[in-house]
Amino acid sequence: MTQIAFFPNEAAATYSVRIWTGAGPANLVVDQPVASPVIGSWNYVELDSPFPIDVTQELWIGYYVNTTTGYPAGTDDG
């Protein structure tokens with residue numbers, strides 16, 4: 001895997017993309033800050049190092065947000 005896409009929605013927040021492996025997820029293996037996300041748009045973040053996918057383990061992909069205001073996750077009318 002070489003990139004992760006996410007949709008940030010709050011400028012007064014910090015974001016990082018994350019990858020976990022194992023049941024649950026058990027192990028945080030990538031935690032990469034996103035320096036200047038484009039708010040209200042899809043952001044495609046190139047990983048600093050390509051992440052090899054091990055088909056024998058669960059794979060979890062997401063992002064972390066730290067904010068004290070607003071609604072940081074992308075939203076839609078649904």
**Request:** State the number of residues belonging to the stretch 40-55 that are open to solvent by 60 Å² or more (accessible area, probe 1.4 Å) and more than 14 Å from the chain's Cα centre (by Cα).
**Result:** 6
**Request:** Check the stretch 33-49 and report whether any residue there is touching a Ser or Thr at 6+ places or on another chain (Cβ under 8 Å), not in a loop (DSSP other than H, G, I, E, B) and not charged (D, E, K, R).
**Result:** yes
**Message:** When the residues of the stretch 25-39 are narrowed to those that are among the aliphatic types (A, V, I, L, M) and over 10 Å from Tyr63 (Cβ atoms), which ends up least open to solvent (accessible area, probe 1.4 Å)?
**Reply:** Val30
**Request:** Being farther than 30 Å from Thr56 by Cβ and either in contact with a helix residue (DSSP H, G or I) (Cβ under 6 Å, 6 or more places away or on another chain) or in a loop (DSSP other than H, G, I, E, B) (or both) is the filter here, so list the residues in the stretch 1-24 that pass it.
**Result:** Phe7, Asn9, Glu10, Ala11, Ala12
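The values are calculated or read from the model by the stated rules, or taken from the named source; none is laboratory data. Small disclaimer: the values here were computed from a predicted structure and weren't measured. Glycine also receives a Cβ, built like all others from the backbone with ideal geometry; neighbour counts cover every protein chain displayed. Calculation scope for accessible area: heavy atoms of the full protein, side chains included, ligands and nucleic acids excluded. Shrake-Rupley method; radii C 1.70, N 1.55, O 1.52, S 1.80 Å.
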